[in-house]
Amino acid sequence: MNKELRKLLSKDKFLSSIAEKINTVERISVNEGLKLFESRNLSALALLANEKRKQINGNYVFFNKNFHIEPTNICIHNCRFCSYRRSVNDADSWDYNINEMLEICKKHYGKDISEIHIVGGVHPNRNLDFYCNLIVEIKKIFPAVHIKAFTAVELDYMISKANLTLEEGLLKLKNAGLNSIPGGGAEIFDSEIRKQICHQKSDANAWLKIHKTAHKLGIASNASILFGHIETYSHRLEHLELLRNLQDETHGFNAFIPLKYKNFNNAISETGEVNDIEVLKNFAVSRIFLDNIPHIKSYWPMLGKNLAGFALHFGADDMDGTIADSTKIYSMAGAEEKNPSMTTAEMVNFIKQSGFIPVERDSVYNRLNIFE
Ligand code: V47
Ligand code: SF4
């Protein structure tokens, strides 16, 4: 750790003890995480998280070339924070068949895409075979593409509906061409909070078990947190601890994505949104606490480009992808980015302007291009 940082923190015993732990690559406790959340010293949090980020990822910031497919916004669940979900007969619901989704793919043909991210509602009439066929058909068009698909909540439904064990269901998807699992559906693991914001859907145990099983089968995944609604700092720390424990066991998580709750047009809109300081703090504590998850994702379609850039100075090292205007989950919840899309050149410039070295990666963080 540099002298400047030591000097800056020397007047605060607690923050210097965290700096020392980062320096000696020692883990921080839940209580220390809580104290970091309660700290008002935002610049110190930035310095500490930045130090941890550098320790793990140097000055590299990663991105990939991807687009999303959202097969449907019809969902059997009714999460109270969700602005996206519709019922079957709603005028603004959609439910694409396989040909329609292949048409979406064909629009991106020839653009050197390395990943397709597929996530959507839990449709009552869709099943495991439908989604396996979807993957098989996509791979006929894009044989080399990495398919990151289906949150644990979608997987829970399609696999139990098929009367298969988790191992059997996940293997079936893997054999069809599924490569990894995105981080959604985790929200906040605490059961009381879940009761209030998403009482119907898969609980913490189910989410963790699906990811654990996937890791054992060699399917990597991401993890997320939905923060800034009715949860407390303790709930966030409990969530991070469960993820850190599972990662110690399996080493299967590639990235952690802090998702800020957006409050437009949903059942808990009156909760409001936390401000940018709170978002940055959440990035910093996540980076420092989750010492075993290699990447922290600053998901720009949800944060907006500017805040996503600031998050890179609070521990994040990954911008996700170029997206190509293919996701509605956040624009329907009120995100600033209404039609998120960046070209590779824009992404590279954005990361350089933010003070880092851009690296184009594949979905499992192999470095494809370093833009020194
Ligand atoms: O689980 C829903 C979130 C998630 C709102 O793995 C909301 O690379 C904010 O899985 N405000 C799904 N967030 C998204 C997801 C994802 C996104 C980016 C990258 C990756 C990855 C995965 O979207 C849901 C929920 O937590 N969400 N509604 C809302 N109003
Ligand atoms: Fe359905 Fe996902 Fe929305 Fe919950 S967050 S209602 S599971 S689409």
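The values are calculated or read from the model by the stated rules, or taken from the named source; none is laboratory data. In this text, all values refer to a predicted model and were calculated from it rather than measured experimentally. Because the Cβ atoms are built from the backbone with ideal geometry, glycine has one as well, and the counts that use them run over all protein chains shown.
Considering only residues that are within 15 Å of ligand 1 (Cβ to nearest atom) and either modelled with pLDDT under 95 or part of a loop (DSSP other than H, G, I, E, B) (or both), which ones fall in the range 77-104?
Those that are within 15 Å of ligand 1 (Cβ to nearest atom) and either modelled with pLDDT under 95 or part of a loop (DSSP other than H, G, I, E, B) (or both): H77, N78, C79, R80, F81, C82, S83, Y84, R85.
Checking R40 against (1) modelled with pLDDT under 95; (2) within 16 Å of ligand 1 (Cβ to nearest atom), which test does it fail?
(2)
Give the residues of the range 44-91 that are polar (S, T, N, Q) and within 18 Å of A149 (Cα to Cα), sorted by residue number.
Within the range 44-91, N64, N66, T72, N73 qualify.
In the range 3-25, how many are loosely packed, with under 11 Cβ neighbours inside 10 Å, under 30 Å from the mean Cα position of the chain (by Cα) and of a type in the set (D, E)?
0
Could you pull out the residue among S180, S224 that is within 12 Å of ligand 2 (Cβ to nearest atom), of a type in the set (S, T, N, Q) and touching a Lys or Arg at 6+ places or on another chain (Cβ under 9 Å)?
Residue meeting the stated conditions: S224.
Quick test of your reading of the structure: N163 fulfils all but one of (1) within 16 Å of ligand 2 (Cβ to nearest atom); (2) over 20 Å from F67 (Cα atoms). Name the failing condition by number.
(1)
Condition first: touching a strand residue (DSSP E or B) at 6+ places or on another chain (Cβ under 6 Å) and of a type in the set (F, W, Y). Now tell me which residues in the range 284-326 satisfy that.
Within the range 284-326, Y299, W300 qualify.
Is it true that F14 is among the aromatic types (F, W, Y) and free of Cβ contacts under 8 Å to residues at least 60 places away in the same chain?
Yes; evaluated as a whole, the condition is true for this residue.
Within the range 277-295, does at least one residue satisfy the condition of being within 30 Å of T213 (Cβ to Cβ), assigned to a loop (DSSP other than H, G, I, E, B) and within 16 Å of ligand 2 (Cβ to nearest atom)?
no
Inside the range 61-95, can you point out the residues that are hydrophobic (A, V, I, L, M, F, W, C) and either within 22 Å of the chain's Cα centre (by Cα) or not assigned by TED's automatic domain parsing to the domain that holds C105 (or both)?
V61, F62, F63, F67, I69, I74, C75, C79, F81, C82
Tell me whether the range 325-335 contains one or more residues that are β-branched (V, I, T), farther than 23 Å from E51 by Cα and surrounded by 18 or more Cβ atoms within 10 Å (Cβ to Cβ).
Within the range 325-335, one or more residues are β-branched (V, I, T), farther than 23 Å from E51 by Cα and surrounded by 18 or more Cβ atoms within 10 Å (Cβ to Cβ).
Name the residues in the range 309-359 that are more than 16 Å from ligand 1 (Cβ to nearest atom), under 13 Å from K65 (Cα atoms) and in contact with a Leu (Cβ under 9 Å, 6 or more places away or on another chain), would you?
Residue satisfying the conditions is V359 alone.
What helices (runs of 4 or more DSSP H), lying completely within the range 170-253, carry at least 3 residues that are hydroxyl-bearing (S, T, Y)?
233-250
Would you point out which residue out of D129, D95, D112, D90 is out of contact with any helix residue (DSSP H, G or I) (no Cβ under 8 Å at 6 or more places or on another chain), over 21 Å from H215 (Cα atoms) and surrounded by 13 or more Cβ atoms within 10 Å (Cβ to Cβ)?
Selected residue: D95, the only one of D129, D95, D112, D90 that is out of contact with any helix residue (DSSP H, G or I) (no Cβ under 8 Å at 6 or more places or on another chain), over 21 Å from H215 (Cα atoms) and surrounded by 13 or more Cβ atoms within 10 Å (Cβ to Cβ).
Any residue in the range 22-44 that is touching a residue at least 40 places away in the same chain (Cβ under 8 Å) sitting within a Cβ distance under 6 Å of a residue that is of a type outside the set (A, V, I, L, M, F, W, C) and assigned to a loop (DSSP other than H, G, I, E, B)? List the pairs, counting only those 6 or more apart or interchain.
Pairs found: R27/D291.
Name the one entry in L164, L217, L155 that is buried (at least 23 other Cβ atoms within 10 Å of the Cβ) and modelled with pLDDT of 95 or more.
One residue alone meets the criteria, L155.
I need the full set of residues from the range 30-50 which are surrounded by 13 or more Cβ atoms within 10 Å (Cβ to Cβ) and under 25 Å from L242 (Cβ atoms), in order please.
V30, E32, G33, L34, K35, L36, F37, S39, L45, L48, A49
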